[in-house]
Amino acid sequence: MSYLKNFPNQEGYFGEFGGAFLPPELEPHFEEINQAYLTLGRSADFLNELKYIRKHYQGRPTPVYYAHNLSREIGAHIYMKREDLNHSGAHKLNHCMAEALLAKHMGKTKLIAETGAGQHGVALATAAAYFGMECEIHMGEIDIAKEAPNVTRMKLLGANVVPVSFGGRSLKEAVDSAFQSYVPQADTALFAIGSVVGPHPFPMMVRNFQSVVGYESREQFLEMVGELPDQVGACVGGGSNAMGMFAGFIDDENVTLNGVEPLGKGTKLGEHSATMTYGKPGMIHGFKCMLLSDEEGNPAPVHSIASGLDYPGVGPEHSHLKMEGKVNYHGVTDKETLDAFYKLSSKEGIIPALESSHAVAWAMKHGQENPGSTILINLSGRGDKDIDYVTENFGFGENL
Ligand SMILES: *Cc1c(COP(=O)(O)O)cnc(C)c1O
């Protein structure tokens, strides 16, 4: 596994992207997390406990499934890694359980994070409940009103949801609020980032915690099919489910890797969240990456039908892999995403998250253009959270 060992470098750079641009009061805390990860996080005790949790609590390994009905209709072979069957319904718990375990090994008693739509907050609150830790989730008041079921879940799981009432009252302010709260508590709390984004060491750490998805998939696929897939794909918001999947195949020269990002409802700034297609290098939340920005270089407003994908930045490693030409990045519109959502539900009996539906839409398109090809995608999560929104706004897919 040569690639993963070489990236990032010791300062947390993937080529020109990554790094850690922190206010001075946070620097020692991120260095503490980095050192803890490099020592405790690689100890036999840590790895054995994580293995136990994955098997007995999360229900891993999740299956790889051959979507036989969809494949017949498309004319290509489409396989799915079923992260929707991971406990709590998405891949996010993979890194949240590991971050919480690291916190425990560091002697911390509390987890702090921000959340946008609430998915990261729910996964982290789940991990906190398992370990008997306190959990503090900062969330904008606008998001609290929009995502009521996730707020209820977090509270049931025992988390303290802190409403953020300044500025735009959404994700950006939630990040600021969570950092402010973390600084005076850093001796007893761990700040837990929810994707392969943020300052070093998080992009590296979260990728490595998610790599279980790719390693399992490679082994399962070989066992099922006898050879590797031609194409591997995953949706990209911050990029954690995609990096986890890619980690299993990145040294396989004959496997093409594909990231799928939201083209949303149009090509103008504000109508999409297609960072790789329309972005340029910039800085957000303490690291360098491809960024959708306005004329002053500030993060731009973004849109996607999938709230887990509407981030103006992207993981530094994806930014690097795009520059190196090691991964292809494709855009899929809201409309194509909805078609895929209805199709997978009615053809295979699997209701996918709108985020994951982007990967399904890409696989359908690629399969139609390349008959007979073999495609493996990461089905990052289940769509229960999306069914009310989809059916109230778009019906039951009767126009397909
Ligand atoms: C949060 C989320 C994503 C996007 O996050 P990544 O870090 O890009 O993986 C994708 N799918 C689901 C189901 C999610 O909850």
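The values are calculated or read from the model by the stated rules, or taken from the named source; none is laboratory data. Since the model is a prediction, treat every value here as computed from it, not as a measurement. Cβ sites come from the backbone with ideal geometry, for glycine too, and all protein chains shown count toward neighbours. Side chains included, ligands, DNA and RNA excluded: accessible areas come from the protein's heavy atoms. Shrake-Rupley method; radii C 1.70, N 1.55, O 1.52, S 1.80 Å.
Observations on the model:
- Search result, residues across the range 175-204 that are among the aliphatic types (A, V, I, L, M), within 14 Å of Phe30 (Cα to Cα) and within 13 Å of the ligand (Cβ to nearest atom): Ile193, Val197
- Put simply, of Thr126, Thr115 the only residue that is within 29 Å of Gly41 (Cα to Cα), under 14 Å from the mean Cα position of the chain (by Cα) and either open to solvent by 30 Å² or more (accessible area, probe 1.4 Å) or not assigned by TED's automatic domain parsing to the domain that holds Lys385 (or both) is Thr115.
- Scanning the range 233-268 for residues that are within 9 Å of the ligand (Cβ to nearest atom) and polar (S, T, N, Q) gives Ser240, Asn241.
- Residue match in the range 71-84 (condition: of a type in the set (S, T, N, Q) and open to solvent by less than 20 Å² (accessible area, probe 1.4 Å)): yes
- Qualifying residue in the range 222-232 (condition: buried (at least 22 other Cβ atoms within 10 Å of the Cβ), part of a loop (DSSP other than H, G, I, E, B) and more than 16 Å from the ligand (Cβ to nearest atom)): yes
- Answer from Gly270, Gly259, Gly214 - the residue that is part of a helix (DSSP H, G or I) and small (Gly, Ala, Ser): Gly214
- Scanning the range 184-194 for residues that are part of a loop (DSSP other than H, G, I, E, B) and touching a Phe, Trp or Tyr at 6+ places or on another chain (Cβ under 8 Å) yields one hit, Ile193.
- Filtered residues of the range 156-180 (kept if touching a strand residue (DSSP E or B) at 6+ places or on another chain (Cβ under 6 Å) and either open to solvent by less than 50 Å² (accessible area, probe 1.4 Å) or assigned to a helix (DSSP H, G or I) (or both)): Ala159, Val161, Val162, Val164, Ser170, Glu173, Ala174, Val175, Ser177, Ala178
- Taken together, Met276, Met283, Met245 contain a single residue that is part of a helix (DSSP H, G or I) and surrounded by fewer than 24 Cβ atoms within 10 Å (Cβ to Cβ), which is Met276.
- Odd one out for Thr152, checked against (1) assigned to a helix (DSSP H, G or I); (2) touching a helix residue (DSSP H, G or I) at 6+ places or on another chain (Cβ under 8 Å); (3) β-branched (Val, Ile, Thr): (2)
- Conditions (1) away from the ligand (no atom under 12 Å from the Cβ); (2) under 23 Å from the mean Cα position of the chain (by Cα); (3) outside any loop (DSSP other than H, G, I, E, B); number of the one not met by His120: (1)
- The range 354-400 - residue that is among the basic types (Lys, Arg) and touching a residue at least 40 places away in the same chain (Cβ under 8 Å) and, of those, least open to solvent (accessible area, probe 1.4 Å): Lys385
- Residue match in the range 44-58 (condition: surrounded by 14 or more Cβ atoms within 10 Å (Cβ to Cβ), within 16 Å of the ligand (Cβ to nearest atom) and more than 19 Å from Pro203 (Cβ to Cβ)): yes
- Screening the range 44-117 for strands (runs of 3 or more DSSP E) wholly inside it with 2 or more residues that are farther than 27 Å from Phe191 by Cα and touching a residue at least 24 places away in the same chain (Cβ under 8 Å) returns the ranges 64-66, 77-82.
- The residues listed here are Leu321, Leu309, Leu291; of these, the one that is surrounded by fewer than 24 Cβ atoms within 10 Å (Cβ to Cβ) and either modelled with pLDDT of 95 or more or not basic (Lys, Arg) (or both) is Leu291.
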